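Visitor: First the structure, which I've put down as structure tokens, then a few questions once you've had a look.
The values are calculated or read from the model by the stated rules, or taken from the named source; none is laboratory data. What you see is a predicted model; the values in this text were computed from it and never measured. Cβ placement follows ideal geometry from the backbone for every residue including glycine, while neighbour counts extend to all protein chains displayed.
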Amino acid sequence: MKKILILLFSVFLTSIAFGQEKRVVSKIDSTKTPELVLIQELIVKAPIDSVWNAYTTKKGWENWAVPLAEVDLKVGGYIKTNYNKQGKIGDSTTIITHIINYVPKRLLTLQAEITDNFPEFMKDDAKDFFNVIYFDELENGHTNIKSFGIGYKNNPKYLSLMNYFIPANEKTLMNLIAYLEKKY
């Protein structure tokens, strides 16, 4: 518990140090189990249709998250992404995220394929990792996004991993905000 509080405090200090408005709120919940849940929430000043398209289309992904993407939106489908501009979808740096299920413009459940590029300690736990993302249309036409990264173990290796995931995810989600809000 003490390590979780220190981690959350360091994330808070980082946001203050840069003097930016905190648009993405991240927290870790252990719910007194051996697993951690990474919860990240934000409000985007854009309609839900635009937000949904950003998460579920090739064009969307390539405008805010990665230079290369391929999307097959269906239960059992996938989102393939590559951070390497010189790479290609299908090469060794491609990240494959399986679409477990979805409810259009409401819910998206994803599971990443753990490849050789992931830390060794994560490979045994691969079946436990999911990202459940809720999309809520707000009365003012904005959209609330709440993401639950589940399956992380409550141990020092995973707590250390959170030190990487939280700021990296927040930066990517800020890209999403910038992409969507420049349109409105």
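Visitor: Please go through the stretch 137-166 and pick out each residue that is out of contact with any helix residue (DSSP H, G or I) (no Cβ under 7 Å at 6 or more places or on another chain) and closer than 11 Å to Gln40 by Cβ.
Guide: Within the stretch 137-166, the first condition is being out of contact with any helix residue (DSSP H, G or I) (no Cβ under 7 Å at 6 or more places or on another chain), and the residues that meet it are 138-142, 144, 146-150, 153-156, 158, 160-161, 164-165.
Those that are out of contact with any helix residue (DSSP H, G or I) (no Cβ under 7 Å at 6 or more places or on another chain) and closer than 11 Å to Gln40 by Cβ: Lys146, Ser147, Phe148, Gly149, Phe165.
Visitor: Lys171 passes all but one of (1) over 23 Å from Ser50 (Cα atoms); (2) of a type in the set (Lys, Arg); (3) free of Cβ contacts under 8 Å to residues at least 12 places away in the same chain; which number fails?
Guide: Status for Lys171: all satisfied but (1).
To keep it simple, each residue is scored yes or no on (1) modelled with pLDDT of 95 or more; (2) farther than 19 Å from Thr97 by Cβ.
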{"residue": "His142", "(1), (2)": "yes, yes"}
{"residue": "Lys146", "(1), (2)": "yes, no"}
{"residue": "Tyr152", "(1), (2)": "no, no"}
{"residue": "Pro156", "(1), (2)": "no, yes"}
{"residue": "Asn169", "(1), (2)": "yes, no"}
{"residue": "Lys183", "(1), (2)": "no, yes"}
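Visitor: Mind counting the residues in the stretch 13-52 that are of a type in the set (Gly, Ala, Ser), touching a Phe, Trp or Tyr at 6+ places or on another chain (Cβ under 6 Å) and modelled with pLDDT under 95?
Guide: Residues that pass the stated criteria total 0.
Visitor: Hey, does the stretch 113-127 have a residue that's under 18 Å from Asp72 (Cα atoms) and touching a strand residue (DSSP E or B) at 6+ places or on another chain (Cβ under 8 Å)?
Guide: Among the residues of the stretch 113-127, at least one is under 18 Å from Asp72 (Cα atoms) and touching a strand residue (DSSP E or B) at 6+ places or on another chain (Cβ under 8 Å), which makes the answer yes.
Visitor: Could you check how many residues of the stretch 43-56 are touching a strand residue (DSSP E or B) at 6+ places or on another chain (Cβ under 7 Å) and either assigned to a helix (DSSP H, G or I) or crowded, with 20+ Cβ neighbours inside 10 Å (or both)?
Guide: Count: 7.
Visitor: Can you name the condition, by its number, that Gly60 falls short on among (1) in a strand (DSSP E or B); (2) surrounded by 15 or more Cβ atoms within 10 Å (Cβ to Cβ)?
Guide: Gly60 satisfies all of (1) in a strand (DSSP E or B); (2) surrounded by 15 or more Cβ atoms within 10 Å (Cβ to Cβ) except (1).
Visitor: Is it the case that Lys59 is of a type outside the set (Gly, Ala, Ser) and either within 22 Å of Ala126 (Cα to Cα) or in contact with a Pro (Cβ under 6 Å, 6 or more places away or on another chain) (or both)?
Guide: No; evaluated as a whole, the condition is false for this residue.
Visitor: Continuing with the same structure: Examine the stretch 47-61 for a residue that is among the basic types (Lys, Arg) and without any contact (Cβ under 8 Å) to a residue 60 or more places away in the chain, and state whether such a residue exists.
Guide: Yes: one or more hits.
Visitor: State whether one or more residues within the stretch 19-33 are in a helix (DSSP H, G or I), among the basic types (Lys, Arg) and surrounded by fewer than 18 Cβ atoms within 10 Å (Cβ to Cβ).
Guide: no
Visitor: Exactly one of (1) basic (Lys, Arg); (2) under 26 Å from Thr33 (Cα atoms); (3) free of Cβ contacts under 8 Å to residues at least 60 places away in the same chain is unmet by Lys182. Its number?
Guide: Among (1) basic (Lys, Arg); (2) under 26 Å from Thr33 (Cα atoms); (3) free of Cβ contacts under 8 Å to residues at least 60 places away in the same chain, Lys182 violates only (2).
Visitor: Mind checking which pairs have a first residue in the stretch 114-134 that is over 29 Å from Trp52 (Cα atoms) and a second that is surrounded by fewer than 16 Cβ atoms within 10 Å (Cβ to Cβ) and not aromatic (Phe, Trp, Tyr), Cβ under 8 Å, 6 or more apart or different chains?
Guide: Note: pairs meeting the criteria are Asp116/Ser92; Pro119/Lys157; Phe121/Lys157.
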